[in-house]
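Read-outs: derived from the displayed coordinates by stated rules, not from any lab. These numbers were taken from a predicted model, which means no experiment stands behind them. With ideal geometry, Cβ positions are generated from the backbone for all residues, glycine too; neighbour counts draw on all protein chains shown.
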Amino acid sequence: MLTLYGIPNCDTIKKARTWLDKNKVPYQFYDYRKDGISPEKVSSWFSEFPWDKVLNKASTTWKELSEEEKAKVTDAKSAARLLSSNPTAIKRPVIEDENGKALTLGYNEKIYEETYLK
């Protein structure tokens, strides 16, 4: 079963969940704001997506960080630490397969069709 990572009140998460439900794609939802997320889990996504794509610099969370905090994010390790402590700065959603491999980042209907309806 797929795991969809995100926060429940995010509009992009709502779109992704609606699409998955409509297309009868089974998944479980993981609320990382409520349940937290480890730097190791975040780092595992970097094998599929560059760390600077997983880090959502358009997020309110990122914009509200001090310039000093932002300047500390220079590589995958520092990005994983920041995203673990500030999970709402993760680009949403991240969807993993049953083995924990990240399949998609963000919501894109065409990519979802190609990935989940094969």
Next item on the list: Return the pairs, sorted by first residue and then second, in which the second residue is surrounded by 15 or more Cβ atoms within 10 Å (Cβ to Cβ) and hydroxyl-bearing (Ser, Thr, Tyr), the first residue lies in the stretch 26-53 and is farther than 14 Å from SER85 by Cα, the beta carbons are less than 8 Å apart, and the residues are 6+ apart or on different chains.
Entry: TYR27/THR3; GLN28/THR3; PHE29/THR3; TYR30/THR3; TYR30/TYR5
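Restricting to the stretch 3-43, give me the number of residues that are basic (Lys, Arg), part of a helix (DSSP H, G or I) and out of contact with any Phe, Trp or Tyr (no Cβ under 8 Å at 6 or more places or on another chain). Full working, then the answer.
Filtering the stretch 3-43 for residues basic (Lys, Arg) gives 14-15, 17, 22, 24, 33-34, 41.
Restricting the remaining residues to those that are part of a helix (DSSP H, G or I) gives 14-15, 17, 22, 33-34, 41.
Now drop any that are not out of contact with any Phe, Trp or Tyr (no Cβ under 8 Å at 6 or more places or on another chain), which leaves 14, 22, 33-34, 41.
Number of matching residues: 5.
Residue-wise test of (1) more than 17 Å from LYS91 (Cα to Cα); (2) touching a Leu at 6+ places or on another chain (Cβ under 6 Å); (3) buried (at least 18 other Cβ atoms within 10 Å of the Cβ); (4) not β-branched (Val, Ile, Thr).
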{"position": "MET1", "(1), (2), (3), (4)": "yes, no, no, yes"}
{"position": "PRO8", "(1), (2), (3), (4)": "no, no, no, yes"}
{"position": "ILE13", "(1), (2), (3), (4)": "no, no, yes, no"}
{"position": "ALA16", "(1), (2), (3), (4)": "no, no, yes, yes"}
{"position": "ASP21", "(1), (2), (3), (4)": "yes, no, no, yes"}
{"position": "LYS24", "(1), (2), (3), (4)": "yes, no, no, yes"}
{"position": "TRP45", "(1), (2), (3), (4)": "no, no, yes, yes"}
{"position": "ALA58", "(1), (2), (3), (4)": "no, no, no, yes"}
Check: Among (1) within 20 Å of ASN108 (Cβ to Cβ); (2) touching a residue at least 12 places away in the same chain (Cβ under 8 Å); (3) in a loop (DSSP other than H, G, I, E, B), where does ALA58 come up short?
Finding: (2)
